[in-house]
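Novice: Got a structure here, written out as structure tokens. Questions coming.
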Amino acid sequence: MDPRIQIWNVLHDGEITAISDVGETLTIFVSIPYLRRRLKPLGDSFVLMLERLKRVEFRNYDGTTASLREELDIGTPAILSTESKAMPVSIETTMGQLILDFERIRFAMDTGQEITYETIEKVCDEYWTEWQAKAGKSAGGNAAT
């Protein structure tokens, strides 16, 4: 499993809220409070630093292409998923398809502390395991009434 690709499935439902591109590095803020608040210090976003960037393209549902910055000027695309297995990665969002090609990725919290992919994945797995348990109890409780 390649964290450069899998992170987009881990952060599904997260919204791309801000970007910065300097040289060959694209920094993306992904707001996903229900995962981020499980880590200290308190925050609501993860920061993805895509290094040795080769391609950033946003394809709207009408077939037109735009820059990610232009898309952020009109809205905040929420990450849905990717089925990519290799670079470039194609990420489905609520506003269209984001296509990225880069060599390396680093992760941080919005408060600046670096974090590993494994930590983000663990927090996500824990959240969804707890969510499923609660949903099961709720469904079971309603069925017994």
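Novice: Per-residue HN-Hα couplings for segment 97-111, Karplus 6.51 cos²θ - 1.76 cosθ + 1.60 at θ = phi - 60°, whole Hz, x for Gly and Pro?
Specialist: 10, 9, 10, 10, 9, 7, 8, 9, 9, 10, 10, 8, 8, 5, 8
Novice: Two-decimal Rg/Rh of segment 3-46 from alpha-carbon positions, Kirkwood Rh?
Specialist: 1.00
Novice: Another question about this same structure. Measure nothing fancy, just the Cα-based angle from helix 117-144's long axis to the longest principal axis of the chain, in degrees from 0 to 90, nearest 10.
Specialist: Tilt of helix 117-144: around 40 degrees.
Novice: Could you do me a favour and compute the accessible area per residue for the chain, 1.4 Å probe, result in Å²?
Specialist: Value for the chain: 55 Å² per residue.
Novice: Okay, moving on. Modelling each spin label as a point 7 Å along the Cα-to-Cβ direction, I'd like the residue 126/residue 69 distance in nm, to one decimal.
Specialist: Result for the modelled spin labels: 3.8 nm.
Novice: While we're here: Sorted from largest down, what three extents in whole angstroms do the Cα atoms of the chain have along their principal axes?
Specialist: 57, 37, 29
Novice: Same structure, new question: Can you list the lysines whose alpha carbon sits under 27 Å from that of residue 134, skipping same-chain ones fewer than 8 residues off?
Specialist: Partners found: 40, 122.
Novice: If you find the alpha carbon centre of segment 45-64 and of segment 108-133, how far apart are they in angstrom?
Specialist: 22 Å
Novice: Let me ask you something else. Can you send over the carbon and sulfur percentage of the accessible area for the chain, probe radius 1.4 Å, protein chains only?
Specialist: Solvent-exposed carbon and sulfur of the chain make up 50 percent of the total.
Novice: In Å, what Rg and Dmax follow from the Cα atoms of segment 37-78?
Specialist: Just the Cα atoms of segment 37-78 yield Rg and Dmax of 14.3, 41 Å.
Novice: Suppose we look only past 14 Å in the calculated P(r) of segment 1-80. What percent of the Cα-Cα pairs does that tail hold?
Specialist: So the portion of pairs separated by more than 14 Å is 67 percent.
Novice: Sorted from largest to smallest, which semi-axis lengths in Å does the alpha carbon gyration tensor of segment 60-139 give for its equivalent ellipsoid, taking the root of 5 times each eigenvalue?
Specialist: Each semi-axis is √(5λ); the values are 28, 19, 14 Å.
The values are calculated or read from the model by the stated rules, or taken from the named source; none is laboratory data. Keep in mind it's a predicted model, so treat the numbers as computed, not measured. Glycine gets a Cβ as well: all are built from the backbone with ideal geometry, and neighbour counts include every protein chain shown. Protein only, heavy atoms only, side chains kept; ligands, DNA and RNA dropped before computing areas. Shrake-Rupley method; radii C 1.70, N 1.55, O 1.52, S 1.80 Å.
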